[in-house]
Each structure stands twice: as structure tokens, then as C-alpha cells.
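*Asks:* Quick one: this structure, given as C-alpha cells, is what I'll be asking you about.
The values are calculated or read from the model by the stated rules, or taken from the named source; none is laboratory data. Predicted model only: the values in this text are computed from it and were never measured. Please note: Cβ atoms are built from the backbone with ideal geometry, for glycine as well, and neighbour counts cover all protein chains shown.
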Amino acid sequence: MTSNHRAGFACFVGRPNVGKSTLMNALVGTKVAITSSKPQTTRRAIRGIVHRPDAQLIIVDTPGLHRPRTLLGERLDSLVLSTLTEVDVIGFCVPANEKIGKGDRFIADKLGAVKKTPVVAVVTKCDLASKEQIAEQLLALSQLAEFAHIVPVSSESGDNLGPLADVLISELPESPPLYEGGQLTDEPEQVLVGELIREAALEGVRDELPHSIAVVVDEMLPREGRDDLLDIYAHMFVERPSQKAIVIGHKGERLRDVGTRARKQIEALLGTRVYLDLRISVAKDWQRDPKQLRRLGFYD
Ligand SMILES: Nc1nc2c(ncn2[C@@H]2O[C@H](COP(=O)(O)OP(=O)(O)OP(=O)(O)O)[C@@H](O)[C@H]2O)c(=O)[nH]1
């Protein structure tokens with residue numbers, strides 16, 4: 001590995017419907033490569049990873065930025081702001097075919113407060129705008145705030161996605177890859193869902209059981225007759241009965257809590273309501289059994 005390999009986290013913000021999800025998917029491609037993560041990595045839901053020989057760009061989800069009308073809205077906002085300070089670069093998305101409005105200005109103001117994180121303005125949906133419109137939008141953005149870069153793209157045609165990745169990567173710190181490469185999966189969602197459950201289960205007990213929890217997602221299927229609800233059946237494995245007791249907690253309270261937190265993260269990731277059936281079993285000494293390890297999704 002070369003010494004100037006870069007790796008880090010990016011997130012995309014912007015009004016609803018400006019093309020954030022489409023852009024993230026276009027950058028990452030259809031397949032998501034995730035295997036075991038190294039412990040220092042983010043707690044946020046991972047949308048995908050751009051793997052290149054020279055860099056690893058990890059794109060995380062941000063909860064929506066809203067104009068706060070309620071206290072809850074304000075709390076949500078501070079959550080968003082804390083996410084923004086945890087990433088290495090922020091992509092601020094504005095569509096090429098709509099004039100900059102109040103909503104965009106509100107978000108730009110918020111981003112201005114996140115001094116430490118560089119912001120790249122991304123003009124999305126350029127295939128829907130004329131050259132003049134795109135030029136106007138670039139100018140309007142340059143007058144709106146101080147951006148590290150301004151990049152016009154189209155997720156639809158793929159125009160300029162490579163240069164956008166270059167620019168985002170240029171803002172990442174020098175670092176070896178944070179996630180193991182290799183192992184492409186056809187079931188990225190299933191793998192991601194397993195990661196989210198494991199993260200939720202580890203929260204608060206990381207010191208006691210750092211590497212002793214594995215998660216297998218057995219099945220993910222839409223509830224019959226409903227298109228807005230996904231049933232997920234997952235299994236957590238620990239190595240010993242004493243660890244099972246820790247994860248379950250007093251009267252099952254902790255396990256319920258893990259389920260609720262994981263479910264919320266999964267819903268945010270998949271954009272659908274989720275029913276999560278989460279079981280826990282003891283798989284004796286799974287860490288020492290290579291076959292079990294592979295089955296549980298560990299490739300180290
Ligand atoms: N023509 C065109 N349409 C696009 C492009 N990017 C996104 N869209 C469309 O714009 C709409 C909104 O895109 P999303 O990616 O869902 O937008 P979003 O910002 O993630 O929306 P929220 O999840 O509501 O925040 C969808 O209908 C996309 O198909 C693009 O580059 N060109």
C-alpha cells in the first residue's frame with residue numbers, strides 16, 4: 001500500500017428530493033463491498049463505500065436537515081450537526097434545474113457553523129438543465145457561501161461522477177483503508193443490516209464483549225399484502241452463556257433496547273418500516289472456528 005492512501009467518511013446533505021440518494025448509489029455502484037470493520041469506524045449507517053487503489057471513501061447516512069419548528073426538530077438538528085462534525089467531507093446538494101431557495105440557504109447557514117468540515121457544493125441533475133442554467137447555479141452557489149469546491153454532476157448520465165469522487169477524496173486524511181476490501185456481496189442490504197444490529201448490540205458493552213458478537217440476517221422479506229413493511233429475521237451469536245446474559249440485560253430490557261435502536265437505523269438505511277425479529281444464541285467459541293467465522297460474515 002502506498003503511503004498516501006486516503007480513507008475517510010463523507011455525507012450528503014440537501015433539501016428533500018435534490019438527488020442525494022441517487023447520487024450516493026451512482027458513486028458507489030450497484031455492489032457494496034463490506035466485510036469486517038475496524039473498531040474506530042463510525043457509528044453511522046453506512047450507505048456504501050467507494051473502493052479505489054488510492055482511496056476508500058465511506059459514505060454515511062445523515063438524518064434529514066429540517067427547519068426546526070419544534071423542540072424535537074431542534075434536537076434532530078443537533079443530531080445532524082454532530083454527524084456533520086464526525087465526517088471528513090460534506091457534499092451539499094442543490095439541483096441544477098431549481099433556483100436556490102430558502103431551504104438551501106437554511107442548510108448552507110447550518111453548514112457554515114460546522115467550521116472544521118470542508119463542504120463541497122454539488123450541483124445535481126445537470127442532465128435536466130441547460131448549460132446556462134448550470135453556469136448560473138455555479139455562480140449562485142459561489143455567492144452563497146465559501147465552498148471548498150463546486151462540482152456539477154448528473155447521476156442519471158454519470159457525467160462528472162469520477163471528478164466528484166476525486167474532489168471528495170482530496171479532502172480525506174491520509175490513512176490506510178478502514179474497511180477490508182475484497183468480498184463483494186450481492187446482498188449489500190443484508191450485510192449492512194447485520195452490521196447495524198451488531199453496532200447496536202455493542203453499544204455500551206464494547207469493553208465487556210468487544211469481539212464476541214456476530215450477527216446473521218437469516219431473511220428479509222416484505223410482509224405479505226403490504227409494500228411498506230419489511231420483516232427481518234436476524235440471529236445474534238455470542239460465545240458463552242454469560243455473554244448472552246449481558247446482551248439480554250435485566251428482564252430482557254437491554255435486548256429490547258438493542259432491537260429498537262437497530263430497527264430505527266435499519267429503517268433510516270432502507271427507507272421503509274421494519275419489523276425486526278432478533279434472537280440470540282450461544283455459538284460456543286465461534287471465534288476459534290473458521291467455518292463458523294465465515295458463516296457469520298468474518299473474513300479476517
Ligand atoms: N434526471 C435526473 N433525475 C435525478 C437525478 N438524480 C436524482 N434524480 C431524481 O430525483 C428524484 C429525487 O431523487 P432522490 O435521490 O430520491 O433525492 P433525495 O435528495 O435522496 O431525496 P430525499 O430522500 O427526499 O431527501 C428521483 O425521482 C430521482 O430519480 C439526476 O441526476 N438526473
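*Asks:* Return the residues of the stretch 17-57 that are within 16 Å of the ligand (Cβ to nearest atom) and modelled with pLDDT of 80 or more; say none if nothing qualifies.
*Replies:* Selection gives Asn17, Val18, Gly19, Lys20, Ser21, Thr22, Leu23, Met24, Asn25, Ala26, Leu27, Val28.
*Asks:* If Ala145 meets every condition in (1) away from the ligand (no atom under 16 Å from the Cβ); (2) modelled with pLDDT of 95 or more apart from one, which number is that one?
*Replies:* (2)
*Asks:* Have a look at Asp228, Asp218 and point out the one that is more than 19 Å from the chain's Cα centre (by Cα), modelled with pLDDT under 90 and either within 16 Å of the ligand (Cβ to nearest atom) or within 30 Å of Ser130 (Cβ to Cβ) (or both).
*Replies:* Unique residue meeting the criteria: Asp228.
*Asks:* Is it the case, given these coordinates, that Arg67 is within 16 Å of the ligand (Cβ to nearest atom), modelled with pLDDT under 90, among the basic types (Lys, Arg) and crowded, with 21+ Cβ neighbours inside 10 Å?
*Replies:* No: the conditions fail for Arg67.
*Asks:* Among the residues of the stretch 76-92, is there at least one that is among the polar types (S, T, N, Q), assigned by TED's automatic domain parsing to the domain that holds Ala165, within 15 Å of the ligand (Cβ to nearest atom) and more than 22 Å from the chain's Cα centre (by Cα)?
*Replies:* Taking every residue of the stretch 76-92 in turn, none turns out to be among the polar types (S, T, N, Q), assigned by TED's automatic domain parsing to the domain that holds Ala165, within 15 Å of the ligand (Cβ to nearest atom) and more than 22 Å from the chain's Cα centre (by Cα).
*Asks:* Another question, then. For the structure I just gave you, tell me whether Ile100 is part of a loop (DSSP other than H, G, I, E, B), surrounded by 16 or more Cβ atoms within 10 Å (Cβ to Cβ) and either within 16 Å of the ligand (Cβ to nearest atom) or at pLDDT 80 or above (or both).
*Replies:* Against the criterion (part of a loop (DSSP other than H, G, I, E, B), surrounded by 16 or more Cβ atoms within 10 Å (Cβ to Cβ) and either within 16 Å of the ligand (Cβ to nearest atom) or at pLDDT 80 or above (or both)), Ile100 qualifies.
*Asks:* Right, His235: touching a strand residue (DSSP E or B) at 6+ places or on another chain (Cβ under 7 Å), closer than 23 Å to Glu208 by Cα and not aliphatic (A, V, I, L, M) or not?
*Replies:* Spelling it out, His235 is indeed touching a strand residue (DSSP E or B) at 6+ places or on another chain (Cβ under 7 Å), closer than 23 Å to Glu208 by Cα and not aliphatic (A, V, I, L, M).
*Asks:* For the stretch 103-144, which positions are over 23 Å from Met24 (Cα atoms) and in a loop (DSSP other than H, G, I, E, B)?
*Replies:* Selection gives Lys115, Ser130.
*Asks:* On to the next question. Under 6 Å between Cβ atoms, which residue pairs at least 6 apart in sequence (or on different chains) link something in the stretch 122-141 that is surrounded by 15 or more Cβ atoms within 10 Å (Cβ to Cβ) with a partner that is polar (S, T, N, Q) and in a helix (DSSP H, G or I)?
*Replies:* That search, which allows pairs on different chains as well, returns Val123/Gln137.
*Asks:* Given Ile107, Ile134, which one is among the β-branched types (Val, Ile, Thr) and modelled with pLDDT under 95?
*Replies:* Being among the β-branched types (Val, Ile, Thr) and modelled with pLDDT under 95 holds for just one of Ile107, Ile134, which is Ile107.
*Asks:* Please go through the stretch 212-240 and pick out each residue that is crowded, with 20+ Cβ neighbours inside 10 Å and assigned to a strand (DSSP E or B).
*Replies:* Ala214, Val215, Val217, Leu230, Ile232, Ala234, Met236, Phe237, Val238
*Asks:* Moving on to the next point. Those residues that are surrounded by fewer than 18 Cβ atoms within 10 Å (Cβ to Cβ) and either under 14 Å from Val89 (Cα atoms) or within 10 Å of the ligand (Cβ to nearest atom) (or both), I need them from the stretch 162-177; list them, please.
*Replies:* Within the stretch 162-177, Asp166, Ser170, Pro173, Glu174 qualify.
*Asks:* Considering every residue within the stretch 269-279, establish whether at least one is modelled with pLDDT under 90 and at positive phi.
*Replies:* yes
*Asks:* Just one of the numbered conditions (1) within 12 Å of Leu23 (Cβ to Cβ); (2) assigned to a helix (DSSP H, G or I); (3) within 12 Å of the ligand (Cβ to nearest atom) is not true of Ser155; which one?
*Replies:* (2)
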